[in-house]
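Visitor: Got a structure for you, written out below as C-alpha cells; questions coming shortly.
Computed from the coordinates by the stated procedures, all read-outs in this text should not be read as laboratory data. Not measured: the values here are computed from a predicted model. Here Cβ is always computed from backbone atoms with ideal geometry, including for glycine, and neighbour counts include all displayed protein chains.
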C-alpha cells in the first residue's frame, strides 16, 4: 500500500464534493469542473523474460468558466486542493482574454435518464503482479509454439487499470463514472525463405477472466503467417472485402465527417445532406454508447449528459450529425450528448460507440459472391490518406486476393483509391457476422464493389 498510487473508493462522493467546492464563489458566470484519477499496470515480456513492469497513477482536473459569452479553460495534473483553486483562477483569467461567442455553452441537464452500466470489477485490482507476469509469459509461449515459422514475438504484454471521473457544474450537471479494464496483446514474427512478417493480436475486457488468450494467439499467428510470400498484384478495379474490424475503422473515418463541428467549419462533404441518400441501402449505422454488451458503453458523455442512441445512417440515408452543447447552440438544436474529451481538454462532438446494422449473409457467402477481389488485412495511412473536406481516399493496404469466390495469394504494397462518397454508395453487401470488437464498436463484414486497386 506504500507505492504512492491513488486508491479507488467505494463511491465517488469524495470526488464530487471536491469538485463542488470549486463552484463556490461563482457570480454571473457558469463553471464546469471535471476531475479524474486512476492507476494502471503494464507488463511486457520477451523470450520468456520480463522486459518491463510499470505501475503508474494519474490525476487530472479540467475547468471551464463561461462569462458573457467568453470561455476560459485551464487544467492541471493533480487533485491538490490549492492547485485546484489556482486552476479555477487561471480559467477565469483565460476567460477575460478570449473572444465572446454567443454560442459558447456548458452542458445543462435535459431530462434524459442515463442507462445504467456495470463497468467496475474488483478482480482487476486483486490480480497480483506475479499472476500478470506469468500470464504474459504463457501467452508468448503459446504464440511461439503454435507454428514452426513463428520463432519469436517482438513483444507480448498484459495491461490493466482503473479510472474514476466526475463532471460537476453550476448548471446542475452531476455525473459520475468509474471502470476497470485489462488487455493482452502480442506481435509474433514469422519467417520463411529469408522473409519476415509481423502479426498482431489483442483482446480487451473489463476483468481478467473475460480475456480470450487463445483467440489472441490464433489471430496473431494467422496474421503473421498468411502474408508470407506476398507480392504486388496487377492494378485493376475489384471488390474489396473488409472484416468487421476494418469495416468499423472505415466507417469511423466517415463519422468524423458527421461531427457537427466539422460540418460547421466546412470540413465535411456531407454538410446540408441530412435526409439524402449518401450510402447504399444495405448500410445502417448508429452511435450508441448505451449498448451494455460493449466494452465502450458509458452512462454520460464528456459534458455529463446522459448518453443515448444517435442514428447516423439508416438504409443509406443520412439521419443527422453529432452535437455537443456548443455546436448544438450554433445550429439551433439540442445536444445529442456526443461530447468527447479528456479531462485536460475542452469537449468537442464526436462518435462514442459505433454500431453497424448487420446483414444476413455469412462471411463465406460474401466471399463466394466475389469473382475478383481483395480481402483486406490492414490499411496503412488511413487517416492521413483521407481528405476530410473533399472525401478523396488513397491509402495503402495488404491482404489476400480473391478469385472466383476463393482466397488466393497474399499481396502487399498496394494502394486503394476512391472517395468516401463513392465507397459508401458502392457497398454491395453487409455480412451477418456481427461482433463486438475490442475497441468497443460493433461491426460486420462489408463488401465494396469496383474499387481501384493499384499494384504493378
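Visitor: To the nearest 10 degrees, how steep is helix 213-225 against the longest Cα principal axis of the chain, on a 0 to 90 scale?
Guide: Result, in degrees: 50.
Visitor: Something else about it: Mind checking Rg over Rh on the stretch 230-456, alpha carbons, Kirkwood formula for Rh?
Guide: Radius of gyration relative to Kirkwood radius: 0.99.
Visitor: 7 Å from Cα along Cα→Cβ at both residue 113 and residue 362: what's the point-to-point distance in nm?
Guide: Distance between the two pseudo-spin positions: 4.2 nm.
Visitor: Based on a Kirkwood Rh over C-alpha pairs, give the Stokes-Einstein translational diffusion coefficient of the stretch 59-116 at 10 °C and viscosity 1.306 mPa s in µm²/s.
Guide: Translational D for this selection: 125 µm²/s.
Visitor: May I pose another question? Could you list the residues of the stretch 249-291 with an amide nitrogen less than 17 Å from a label point located 7 Å from the Cα of residue 309 in the Cα-to-C-beta direction?
Guide: 283-291
Visitor: For residue 5 and residue 435 in the same chain, what is the full-extension length gain: residue separation times 0.36 nm, less their Cα-Cα distance, in nm?
Guide: 151.2 nm
Visitor: Can I ask one more? Based on the alpha-carbon gyration tensor of the chain and its eigenvalue square roots a ≥ b ≥ c, which shape applies: rounded if a/c is under 1.5, prolate if not and a/b is larger than b/c, or oblate?
Guide: Taking the square roots of the gyration eigenvalues as a ≥ b ≥ c, the chain is oblate.
Visitor: Using only DSSP helix segments of four residues or longer, with each worth -39500 (n - 2.57), what per-residue ellipticity at 222 nm results for the chain after dividing by its residue count and rounding to 500?
Guide: -6500 deg cm²/dmol
Visitor: Work out, step by step, the length gained on full extension between residue 271 and residue 331: first 0.36 nm times the residue separation, then minus their alpha carbon distance; give nm to one decimal.
Guide: This chain segment gains 20.4 nm when fully extended.
Visitor: If you project the alpha carbons of the stretch 395-454 onto the principal axes, what extent comes out on each, in Å, largest first?
Guide: Principal extents (Cα only, largest first): 31, 27, 23 Å.
Visitor: Below 8 Å, C-alpha to C-alpha, sequence gap of six or more: please give me the relative contact order for the stretch 316-389 in percent.
Guide: Relative contact order, the stretch 316-389: 19 percent.
Visitor: Could you give the angle, 0 to 90 degrees to the nearest 10, between helix 81-97's Cα long axis and the longest principal axis of the Cα atoms of the chain?
Guide: In the chain, helix 81-97 runs at an angle near 90 degrees to the longest axis.
Visitor: Note the angle between two axes, namely the Cα long axis of helix 129-146 and the longest principal axis of the Cα atoms of the chain, as a number of degrees from 0 to 90, rounded to the nearest 10.
Guide: Here the helix axis deviates by roughly 20 degrees.
Visitor: So if I average 1/r over every pair of distinct C-alpha atoms in the stretch 343-438 and take the inverse, what Kirkwood radius in Å does that give? Don't skip to the end; give the middle numbers.
Guide: On the way: mean 1/r = 0.0633 Å⁻¹.
Final number for the Kirkwood radius of the stretch 343-438 is 15.8 Å.
Visitor: Given the C-alpha centroids of the stretch 14-40 and the stretch 311-370, what is the distance between them in whole angstrom?
Guide: For the stretch 14-40 versus the stretch 311-370, the Cα centre distance is 30 Å.
Visitor: Quick one: Debye curve from the C-alpha atoms of the stretch 13-224, no solvent, what's log10 I(q)/I(0) at q = 0.08, 0.09 Å⁻¹?
Guide: -0.45, -0.54
Visitor: Give the relative contact order (percent, whole number) for the chain; include only Cα pairs under 8 Å separated by 6+ residues.
Guide: 15
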